[in-house]
1. Considering only segment 98-109, I want to know if a residue exists there that is touching a residue at least 40 places away in the same chain (Cβ under 8 Å) and not small (Gly, Ala, Ser).
2. Which condition from (1) part of a helix (DSSP H, G or I); (2) farther than 16 Å from Tyr34 by Cα; (3) not β-branched (Val, Ile, Thr) is the one that Gly54 breaks?
3. In segment 63-82, what count of residues is obtained for those that are free of Cβ contacts under 8 Å to residues at least 60 places away in the same chain, among the small types (Gly, Ala, Ser) and outside any loop (DSSP other than H, G, I, E, B)?
4. Go through Ile91, Ile105, Ile48 for me and flag whichever is out of contact with any Cys (no Cβ under 9 Å at 6 or more places or on another chain) and either farther than 23 Å from Val136 by Cβ or assigned to a loop (DSSP other than H, G, I, E, B) (or both).
5. Within segment 32-63, can you find the residues that are of a type in the set (Lys, Arg) and within 27 Å of Ala82 (Cβ to Cβ)?
6. Among the residues of segment 114-137, write down those that are part of a helix (DSSP H, G or I), surrounded by fewer than 16 Cβ atoms within 10 Å (Cβ to Cβ) and in contact (Cβ under 8 Å) with a residue 12 or more places away in the chain.
7. Has segment 74-84 got any residue that is at pLDDT below 85, surrounded by 10 or more Cβ atoms within 10 Å (Cβ to Cβ) and of a type in the set (D, E, K, R)?
8. Of the residues Val60, Val96, which single one is of a type in the set (Val, Ile, Thr), more than 22 Å from Lys138 (Cβ to Cβ) and part of a helix (DSSP H, G or I)?
Amino acid sequence: MLIVCLCLFTIEGLAADPEVSARDVQGIPKRHKYLTAIVAGTAIGAGIGILAPGGNKSMVKGMLIGGSGASALYLWTHRDAAAGWTPWAHIGTNTVLGTGLGWTICDCNAGAGIGALLGGGATAGIQAFGTKDRNVAKATGASPPSTTASTNPKEPKH
């Protein structure tokens, strides 16, 4: 009976060839690309972590660094990837990246905690106080420095 049911399911799948349209080959929908980048980075980090010595601990470290690294790269190149949550996405990303890097560098639990505090705290501080460095602003989600010329006549122009 089980074999007959499996044969019927197989025949049904072969008989119903759906019509292929342009929508079927468009790729990942735009609204899912940020999440897909994070999942892909996590998978790549897990694979690299498995190859590294240390077993499951190295795999988790790789997942933390890979997923948050992919998130950081995506956020750097897509300014409004998380819509109204972009500043929080930067804080979360840099917290997880700091956790993975701190844990990897120190190879201790304290390193993970210190890395998390440095990554998230520094990002939140730079967002709150601002920065004059365009690259730091990009990495932390802070407002970029203004590029307008100074109106102070005593200040030298470059």
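The values are calculated or read from the model by the stated rules, or taken from the named source; none is laboratory data. A quick note: this is a predicted structure, and the numbers were derived from the prediction, not measured. Glycine gets a Cβ as well: all are built from the backbone with ideal geometry, and neighbour counts include every protein chain shown.
1. yes
2. (1)
3. Within segment 63-82, residues that are free of Cβ contacts under 8 Å to residues at least 60 places away in the same chain, among the small types (Gly, Ala, Ser) and outside any loop (DSSP other than H, G, I, E, B) number 6.
4. When all the criteria are applied, what remains is Ile48.
5. Those that are of a type in the set (Lys, Arg) and within 27 Å of Ala82 (Cβ to Cβ): Lys33, Lys61.
6. Leu117
7. Yes, the conditions are met somewhere in segment 74-84.
8. Val60
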